[in-house]
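Taking it in order: structure first as structure tokens, then the write-up.
Read-outs throughout are calculated quantities, based only on the coordinates presented, and are distinct from any laboratory measurement. Being a predicted model, the structure only gives us computed values, none of them experimental. Here the Cβ positions follow ideal geometry from the backbone for every residue, glycine too, while neighbour counts run over all protein chains shown.
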Amino acid sequence: MKNVRPDFPILDQRVHGKPLIYLDSAATSQKPKTVIEALSHYYSTMNANIHRGIYYLSEEATIAFEKTRRKVSEFIGAKEDRSIIFTHNATEAINLVAHAWGRKNIKEGDEILLTHMEHHSNLVPWQLLAQEKGAVLKYIPITKEGFLDIERFNNLLTDRTKLLAVTHMSNVLGTINPLSHLITKAHAVGAKVLVDGAQAVAHLKVNVSELDCDFYAFSAHKMLGPTGVGVLYGKPEILESLPPFLGGGEMILEVHEEYSTWKPIPYKFEAGTPNIGAVIAFAKALDYLEHIGMDVIREHEKALTQHALYQLKEIDHLTIYGPMDANLKGGVISFNLEDIHPHDLGTLLDHEGIAIRAGHHCAQVLMKKLNVPATARVSFYLYNTPQEVDIFIDILKKARRYFNRGL
Ligand SMILES: Cc1ncc(COP(=O)(O)O)c(C=O)c1O
């Protein structure tokens, strides 16, 4: 892959006197110049509220905003642009489904099927719904290699299962889940499927129509776009059948004293002023990813992940959580080194200019299953290099010696 680093201004800096090595793209990605400039361009030349103005600026902003909807729709293989709802992040997209779809369709005794590897964003909304409705949460366990236990999944599905809410790619283990199988089986018992695509869509080619999922949620900020923009894809016939999530301006047709009527989808679900500039700049992120090519990005990350796994395996007393084959996982590696607390490791690496994540990664249920309070995590993106991986491994080995000596 060509060297993209000059396109990412933030990478060209020193932290604590060392060149920055950013290994936390699973938390949020860095942004190329084109995205940063698009934000500035919007506020410098186009800033106006959308869908309501009758003047030039507002029309321009509305056109640019809707152009992003078109691009997102194409990027994920949706059949219709009205399937694309802009939210503020993936979390809000999932909450939208829990409120609008869940409250209408989930009844006492119904079952919601989750997995032990879900991010809190795809777990807490279902707990709240289950508590409100008297529904039952069930969990697909994971194997010791970090895959979903498919046999258990097959047994957990019943005619009471109304929803399967599953991550496409684990933000801790990196596991890529076999969505086609899961979705076909879930549909066979009449359940709907929500996919948490927050990690996957930035790194894999995703086609929601081929997957046939009912909902797919993700955030722009993990895929080179600005913060404050999320996307919910939903099948149009399902979205049309739902009540609104949030009420307010922009989502209504008529408001009377006692009741209101709603705009058609997607606007019914986009109450209030959205993050207009960020949505418009998000289109540049999608252009950038498409220009490089999702297949090329995937191959690059696979190579980095395999390179890192190969070296990490050689370090004594280092435990890696999740699949050991880069073909079966994204560029995310969680690990622990002896009894060194991941936060201490993170601090030590930070002093060497290396940014990693340490903690429970918003996956406390998974941490319990792994029997650890926290892990250290590195995650790669298109701008990372094998040399950065080597430096990270080198510092990790030094860290081990450092802590062992009790210095
Ligand atoms: C798998 C997964 N789902 C959901 C989220 C939530 O994303 P956001 O905080 O952008 O809503 C994250 C963020 O780390 C994630 O990794």
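Summary table
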item	result
Answer residue from the range 252-274, given it is in contact with a Ser or Thr (Cβ under 9 Å, 6 or more places away or on another chain) and free of Cβ contacts under 8 Å to residues at least 24 places away in the same chain and is nearest to Trp101 (Cα to Cα) among those	Ile252
Looking only at the range 137-162, and only at residues there that are buried (at least 16 other Cβ atoms within 10 Å of the Cβ) and among the β-branched types (Val, Ile, Thr), the one that is nearest to Ile176 (Cα to Cα)	Ile142
Residues of the range 207-263 satisfying the condition of being within 15 Å of the ligand (Cβ to nearest atom), hydrophobic (A, V, I, L, M, F, W, C) and surrounded by fewer than 17 Cβ atoms within 10 Å (Cβ to Cβ)	none
Flag for Ile320 being buried (at least 16 other Cβ atoms within 10 Å of the Cβ) and assigned to a helix (DSSP H, G or I)	no
Close pairs (6 angstrom Cβ cut-off, 6 or more residues apart or separate chains): more than 10 Å from the ligand (Cβ to nearest atom) in the range 189-204, of a type in the set (S, T, N, Q) anywhere	Val189/Thr161; Ala191/Thr161
Helices (runs of 4 or more DSSP H) within the range 17-134 that include 3 or more residues under 20 Å from the mean Cα position of the chain (by Cα) and surrounded by 14 or more Cβ atoms within 10 Å (Cβ to Cβ)	56-75, 90-96, 124-133
One residue from Ala100, Ala93 being in contact (Cβ under 8 Å) with a residue 12 or more places away in the chain, within 16 Å of the ligand (Cβ to nearest atom) and in contact with a Leu (Cβ under 7 Å, 6 or more places away or on another chain)	Ala93
The range 288-313, subset within 19 Å of Gly174 (Cβ to Cβ) and among the acidic types (Asp, Glu), residue surrounded by the fewest Cβ atoms within 10 Å (Cβ to Cβ)	Asp295
